[in-house]
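Every number here is computed from the coordinates shown, using simple stated rules; none is lab data. Not measured: the values here are computed from a predicted model. Cβ coordinates were reconstructed from backbone atoms using ideal geometry, including for glycine residues, and neighbour counts include every protein chain displayed.
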Amino acid sequence: MSFMKKLFSKQTKTKISFCTNNLDRFYSDADFSTFNTFLNDKGIEYKEYECQSKCKECKAAPYAVIDGEFVSADSPDELLKSMKSMIQDK
């Protein structure tokens, strides 16, 4: 990528949203500290919602909505790996 492109490119933040009910159900304190490091990256903007109206999915597995795309995994660690992979592929 040329210097000028890098200099003037618009860097949009990746928007990630979580359901607080899902967080309470599947995440431990250790998971929160691991996620905290990832979520504090300057290219990420995240928000927790009380409910995202995805009740069936919320009860089944840890999930997040990344730039409008629903992503779930069997564990919080797997979800974090998936989210990192999605962001790197952008």
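Laid out as a table, the results:
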item: Test: residue in region 42-53 that is farther than 11 Å from residue 17 by Cβ, aliphatic (A, V, I, L, M) and without any contact (Cβ under 8 Å) to a residue 24 or more places away in the chain; result: no
item: Residues being closer than 17 Å to residue 20 by Cα and surrounded by 15 or more Cβ atoms within 10 Å (Cβ to Cβ) - total across region 70-82; result: 6
item: Residues that are closer than 14 Å to residue 78 by Cβ and hydrophobic (A, V, I, L, M, F, W, C), drawn from region 14-35; result: 26, 35
item: When residues of region 50-69 are limited to those that are exposed (fewer than 14 other Cβ atoms within 10 Å of the Cβ) and either aliphatic (A, V, I, L, M) or touching a helix residue (DSSP H, G or I) at 6+ places or on another chain (Cβ under 7 Å) (or both), the one farthest from residue 33 (Cα to Cα); result: 51
item: Filtered residues of region 70-80 (kept if under 17 Å from residue 34 (Cβ atoms) and of a type in the set (Gly, Ala, Ser)); result: 73, 75
